[in-house]
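To start, the structure itself, in structure tokens.
The values are calculated or read from the model by the stated rules, or taken from the named source; none is laboratory data. Everything numeric here is computed off the predicted structure, so don't read it as measured data. Backbone-built Cβ (ideal geometry, glycine too); neighbour counts: all protein chains shown. Protein only, heavy atoms only, side chains kept; ligands, DNA and RNA dropped before computing areas. Shrake-Rupley method; radii C 1.70, N 1.55, O 1.52, S 1.80 Å.
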Amino acid sequence: MELTYELGDEVIQRLRPHLDVPINLMDTSGKIVASSDPERVDQLHSGAIRAIEIQQELLLYPEDVVDYPGTKPGVNLPMYFFGELVGVVGITGHPDQVIQAANITKAAVEIALEQIHLQKQTAFQENTLYNWLLQLLHPYGFDEEKLEQEAKHILKIKLTEPLIVVVLQARNPAVFTEEIRQKLDAVFVSRHEEDELVLAVKETELLEPVLLPLLESNPDLLIGVGNSGKGVKGIRESYDQAKQAMKFTREKRFTRIEEWKLEQLIDQIPHHTYEDVFATYAECLRNMEDSYEETLRIYFRSNLELKETAERLHIHRNTLMYRLDQIHEKVGLNPRMFTDAMLLYILCFKQ
């Protein structure tokens, strides 16, 4: 890791509230790249140069500084990053008084460098995953071979086992990222669009215990689960299924594509076919109050059971009977007849 001004200054800003001593950070050329005294930045520190040459600590007492231009009394300690010399940390003051602070500072700087490195690595990994997912889910297709290679060699995603994609849709789904990472053994978790968080798992056993509580405290959250699929194509298909499942429901906020087998078939009806068969019926239903379409949806979800439908709608059975009669009269399809009920179901679903 190269010790730059940006990196060194970030380290000093982190340490300043905890250490009340002047700090200088020098790179491997001996130049001060960051300092608690901004005027010293870019100066050459001959004490640091010597510490780098001997790769040992250099203590400069007041009588020694004359031999080391550009220095003040203090302690200069070489710094290492994963075993590699990356620079020198200097603490100004009488060596006997600041040696302990210097060693603490050196350890703190090395830890801070590692943390910053890991944070940057994490950010890089997250951005790489985000861009990979953008390419995979692009509406105009993707380069399968390229994405397979990136998944294997860069993202370290194993595509040999089937994966299941889960989509969380909300105003700010990114707030759930850390909790999901901690509680679910997800293969990956990534933001996608502004309102989407996408994750892939090998099994769905823990999905409901982890995700259902999120629904209770986040009323705008919707969750869709696709089927398992292999490779990048399988991930893409599972994502599409999870999105499709959310599109199918107006009542359930946690839904799996496996619950919508009939709806998947209906969704494949070509638009022109739908228009040819349903245009007149759709217009008639649109001209009725919204409560009639809601009545049909609950009626179908209740398996055509009148008692259950009335209870779920909080209306009297006679009111329900009246609404069904009105739909028969004004739309021309009888909800009590199997074929007509199927057509009305498709009509409600495609509206």
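General remarks:
- Test: residue in region 220-240 that is at pLDDT below 95, assigned to a helix (DSSP H, G or I) and surrounded by fewer than 14 Cβ atoms within 10 Å (Cβ to Cβ): no
- Scanning region 246-271 for residues that are among the aliphatic types (A, V, I, L, M), more than 20 Å from the chain's Cα centre (by Cα) and not in a loop (DSSP other than H, G, I, E, B) yields Ile257, Leu262, Leu265, Ile266.
- Residue match in region 245-262 (condition: farther than 24 Å from Met337 by Cβ and hydroxyl-bearing (Ser, Thr, Tyr)): yes
- Residues located in region 187-198, provided they are in a loop (DSSP other than H, G, I, E, B) and either charged (D, E, K, R) or surrounded by fewer than 19 Cβ atoms within 10 Å (Cβ to Cβ) (or both): His192, Glu193, Glu194, Asp195
- Residue pairs whose Cβ atoms lie under 6 Å apart, sitting 6 or more positions apart in sequence or on different chains, and linking a residue in region 1-27 that is farther than 16 Å from Val41 by Cβ to a partner that is aromatic (Phe, Trp, Tyr), are Met1/Phe81.
- Looking across Glu144, Glu179, Glu161, Glu148, one residue alone is free of Cβ contacts under 8 Å to residues at least 60 places away in the same chain and of a type in the set (D, E, K, R). It is Glu179.
- Boolean, Thr295 is over 30 Å from Glu203 (Cα atoms), assigned to a helix (DSSP H, G or I), of a type in the set (S, T, N, Q) and open to solvent by 60 Å² or more (accessible area, probe 1.4 Å): no
A quick yes/no check of all residues on (1) of a type in the set (Lys, Arg); (2) at pLDDT below 95; (3) open to solvent by 40 Å² or more (accessible area, probe 1.4 Å):
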site: Arg253; (1), (2), (3): yes, yes, yes
site: Glu263; (1), (2), (3): no, yes, no
site: Asp276; (1), (2), (3): no, yes, yes
site: Arg301; (1), (2), (3): yes, yes, yes
site: Arg323; (1), (2), (3): yes, no, yes
site: His328; (1), (2), (3): no, no, yes
site: Ile346; (1), (2), (3): no, yes, no
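- Restricting Ile315, Ile298, Ile327 to those that are under 16 Å from Glu251 (Cα atoms) and among the β-branched types (Val, Ile, Thr) reduces the list to Ile298.
- Any hit, region 169-183, residues being in a strand (DSSP E or B) and modelled with pLDDT of 90 or more: yes
- First in region 294-320 and more than 20 Å from Phe338 (Cβ to Cβ), second anywhere and in a helix (DSSP H, G or I) and among the polar types (S, T, N, Q), Cβ under 7 Å, 6 or more apart: Leu313/Thr295
- Single match in Leu59, Leu19, Leu25 (criterion: assigned to a strand (DSSP E or B) and either of a type in the set (D, E, K, R) or open to solvent by 10 Å² or more (accessible area, probe 1.4 Å) (or both)): Leu59
- Region 67-98, residues that are open to solvent by 10 Å² or more (accessible area, probe 1.4 Å), assigned to a helix (DSSP H, G or I) and under 15 Å from Gly47 (Cα atoms): Asp67
- Ala310 vs. criteria small (Gly, Ala, Ser), closer than 22 Å to Phe248 by Cα and in a helix (DSSP H, G or I): no
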